[in-house]
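Engineer: What follows is a structure written as structure tokens; I'll ask about it next.
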Amino acid sequence: MISAKLKLIAAMLIFGSIGIYVRNVNLSSGQIALARGIIGSCFLLLAGRLMKQRLSREAIGRNIFLLIASGAAIGFNWILLFEAYKYTTIPKATLSYYFAPVFVMFLSPFVLKERLTPKKIIGISAALLGMFLVTGIGGGSGKSDLLGISYGLLAAVLYAFVIIMNKFLKGLSGLETTIIQISIASIVLLPYILLTEELQYSSLDSTEWLLLLIIGIINTGLAYLLYFTSMKDLSGQTISVLSYIDPIFAIVLSAIFLGEGMSVKQIIGGVLILGGSLVSELKEEEKLP
């Protein structure tokens, strides 16, 4: 039997590899996101059926508006993240995306009525300083870099939106919520893609189809399944700390396979961003009974 920690570590390693695959699929970000949603939701629905994980119609009905809004946000979050991968390096895209917990920290006093403690203020300040160092504003970053980082930050805003909305969901397990949200993401993205661009799936070669299947089945379906089946046996603090394997692994992979290194200043900035983001996650653990 695989331990819960190993499941979570495996999920984070899988999540961290997605940028490498996205870079090698010759499709628009929207069409990659659409395929990811369709394939991933089909995998999760099948896995849920095999695990006898029943979806509660009553709970879905009670939360339907939040589920639609958060599902749509997830779909467009993917598009923005994949655009970030195309315009800047994977380390910069990943670190800007991991600004999401910082946005949640900043918004929590207004939306969640949580106090902005001195510890959280330090966390936000550290992350902002880290972003300044990573972007190289004032010298070093070109227009493409800044555009990619902007896409990453916009993706982070949408993900923060999803995190906050999920706190208001009632009566649904994490796996149920994810199955429904990813399915809704696919439903929302389909008409958007059909109205805004011409489908190019027929132009893919066998290698690109394989990568697209990996993104949908492994990086989405399997990764989410491992993530949510591990959570019930782990503490909130353990989950929070191990979740940061994802960005670290993404940065390591990009250095090995794409030669996307980081300067000492950017490494320091990355540590500040991830450390500042982690503050909010660890703070939640202190409130657990």
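The values are calculated or read from the model by the stated rules, or taken from the named source; none is laboratory data. Only a predicted model underlies this, so the values are computations on that prediction, with no experimental measurement involved. Glycine also receives a Cβ, built like all others from the backbone with ideal geometry; neighbour counts cover every protein chain displayed.
Engineer: Do we find that Ala223 is part of a helix (DSSP H, G or I), surrounded by fewer than 17 Cβ atoms within 10 Å (Cβ to Cβ) and at pLDDT 90 or above in this structure?
Structural biologist: Working: part of a helix (DSSP H, G or I): yes; surrounded by fewer than 17 Cβ atoms within 10 Å (Cβ to Cβ): no; at pLDDT 90 or above: yes.
So Ala223 fails the test.
Engineer: Right, another one. Consider only pairs whose beta carbons are under 6 Å apart and that are at least six residues apart or on different chains; among these, list those whose first residue lies in region 137-148 and is within 18 Å of Val264 (Cα to Cα) and whose second residue is at pLDDT 55 or above.
Structural biologist: Ser141/Thr135; Asp145/Thr88
Engineer: Is it fair to say Phe65 is part of a helix (DSSP H, G or I) and touching a helix residue (DSSP H, G or I) at 6+ places or on another chain (Cβ under 8 Å)?
Structural biologist: no
Engineer: If a residue must be within 14 Å of Ser183 (Cβ to Cβ) and free of Cβ contacts under 8 Å to residues at least 12 places away in the same chain, how many such residues does region 43-56 contain?
Structural biologist: 2
Engineer: Output the residue which, of all residues in region 5-57 that are among the polar types (S, T, N, Q) and in a helix (DSSP H, G or I), is nearest to Ser240 (Cα to Cα).
Structural biologist: If we take residues in region 5-57 being among the polar types (S, T, N, Q) and in a helix (DSSP H, G or I), then Ser41 is nearest to Ser240 (Cα to Cα).
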